[in-house]
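The values are calculated or read from the model by the stated rules, or taken from the named source; none is laboratory data. Treat the numbers as computed from the prediction; the structure is a model and nothing was measured. As a convention, Cβ positions derive from the backbone with ideal geometry for all residues, glycine included, and neighbour counts pool all protein chains shown. Remember, those area values only see protein heavy atoms, side chains included, never the ligands or the DNA or RNA. Shrake-Rupley method; radii C 1.70, N 1.55, O 1.52, S 1.80 Å.
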Amino acid sequence: MAAVVGFKDSPSKELKAGPGFSLSEADPESTPGYKGKKSNGVALLAAQDGRLDVLQEMLFAEGKFGSSKRVLLILQAMDTAGKGGIVKHVVGSMDPQGVKVAPFKAPTDEEKVHDFLWRIEKAVPAAGFVGVFDRSHYEDVLIHRVHGWANEAELERRYAAINEFEARLAEQGTAIIKVMLNISRDEQKARLLARLDDPSKHWKYSTDDLKERAFWDSYMDAYQRVFEKTSTEVAPWYVVPANRKWFARIAVQELLLEALGKLDLSWPKAEFDVAAERARVVES
């Protein structure tokens, strides 16, 4: 069995899209802060599952007793970058009763008559929960910029609205983790071909994938603008290299562990006489 190799440098430092960050210079093939190989990364993911599960249960327990703490993981990426794998292999290790996954597809007719954040507000995780947005409100400044569905003034309004929305969530006790899974154009092509070559994966393929792939450079520019406009102190962006699925998973797992660790979680103290209740159970 491969040895468990941890991160040499924290992903929250290595992957943060801070001032001066350039997406064009970020290598999707790299493994920032991690010196191990794939086998080591797979072993690390499995080894940390238990720790993640305990912290999430603590969060859930605190929420039952009045705590406002919660976690929101936002996943954005080009198609095939591995959002589903993060949900399955990282988020999936946690107790589902304390996790809420919200996949955002194209807005419905009802949603279109409201402001873009209306449907997002409804999906915000409750206290004690880990919420996951599989795509999010950022679609409304990404695809809308790429296809010219919103003018510059409207896009600026949306950036400001997003920052206000996320600042409000943070004030309410939400730890926000915003992740862009950074896959290369060549790797996306390989994954699309793999889906077509495997009948069990045909259901994952959409002819629309190629339509959006044609706008690759425009999407990269739109993401760069998102990082510049909405990577804030309370809700920074993390750009995770995603050509190596195993690395993306351990990086996101570590970001979750760090965020939960900073919440200073503990088990709620019993509001009853433990010894007396134990005696009652023995006598029952």
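Mind listing whichever residues of the range 101-124 are assigned to a helix (DSSP H, G or I), open to solvent by 70 Å² or more (accessible area, probe 1.4 Å) and of a type outside the set (Phe, Trp, Tyr)? Please lay out each step first, then the result.
Of the residues in the range 101-124, the ones assigned to a helix (DSSP H, G or I) are 109-112, 118-122.
From what is left, the residues that are open to solvent by 70 Å² or more (accessible area, probe 1.4 Å) are 109-110, 112, 118, 121-122.
Residues satisfying the conditions are ASP109, GLU110, LYS112, GLU121, LYS122.
Among the residues that make up the range 260-271, is at least one of them modelled with pLDDT of 95 or more, part of a loop (DSSP other than H, G, I, E, B), open to solvent by 70 Å² or more (accessible area, probe 1.4 Å) and within 21 Å of SER30 (Cβ to Cβ)?
No: zero hits.
Anything in the range 133-154 that is free of Cβ contacts under 8 Å to residues at least 60 places away in the same chain and either closer than 13 Å to VAL71 by Cα or surrounded by 19 or more Cβ atoms within 10 Å (Cβ to Cβ) (or both)? List them, or say none.
ASP134, HIS137, ASP140
For the range 207-247, give me the residue count where each residue is among the basic types (Lys, Arg), touching a helix residue (DSSP H, G or I) at 6+ places or on another chain (Cβ under 9 Å) and open to solvent by 40 Å² or more (accessible area, probe 1.4 Å). Working first, answer last.
Step one: filter the range 207-247 for residues among the basic types (Lys, Arg), giving 211, 213, 225, 229, 244-245.
In the following step, the residues that additionally are touching a helix residue (DSSP H, G or I) at 6+ places or on another chain (Cβ under 9 Å) were identified as 213, 225, 229, 244-245.
Then keep just the ones that are open to solvent by 40 Å² or more (accessible area, probe 1.4 Å); that gives 225, 229, 244-245.
Matching residues across the range 207-247 total 4.
Going by what's in this entry, would LYS16 be described as under 30 Å from GLU271 (Cα atoms) and open to solvent by 30 Å² or more (accessible area, probe 1.4 Å)? Break it down stepwise before answering.
Details: under 30 Å from GLU271 (Cα atoms): no; open to solvent by 30 Å² or more (accessible area, probe 1.4 Å): yes.
No; evaluated as a whole, the condition is false for this residue.
Test of understanding: among GLY66, GLY98, which residue is within 18 Å of the chain's Cα centre (by Cα) and either closer than 30 Å to LYS269 by Cβ or crowded, with 21+ Cβ neighbours inside 10 Å (or both)?
Of the residues listed, the single one that is within 18 Å of the chain's Cα centre (by Cα) and either closer than 30 Å to LYS269 by Cβ or crowded, with 21+ Cβ neighbours inside 10 Å (or both) is GLY98.
Hey, can you tell me all the residues within the range 233-262 that are of a type in the set (Phe, Trp, Tyr) and under 22 Å from SER22 (Cα atoms)?
Of the residues in the range 233-262, the ones of a type in the set (Phe, Trp, Tyr) are 237-238, 246-247.
TRP237, TYR238, PHE247 - these are the residues of the range 233-262 that are of a type in the set (Phe, Trp, Tyr) and under 22 Å from SER22 (Cα atoms).
Which pairs have Cβ atoms under 7 Å, sit 6 or more apart or on different chains, and link a residue in the range 155-169 that is touching a residue at least 12 places away in the same chain (Cβ under 8 Å) to one that is open to solvent by less than 10 Å² (accessible area, probe 1.4 Å) and in a helix (DSSP H, G or I)?
Hits for this filter: LEU155/VAL141; ARG158/VAL141; TYR159/VAL141; TYR159/THR230; ILE162/THR230; ASN163/THR230.
Of the conditions (1) open to solvent by 20 Å² or more (accessible area, probe 1.4 Å); (2) out of contact with any helix residue (DSSP H, G or I) (no Cβ under 6 Å at 6 or more places or on another chain); (3) within 28 Å of ASN243 (Cα to Cα), HIS89 satisfies every one except a single condition; which number is it?
Unmet condition: (2).
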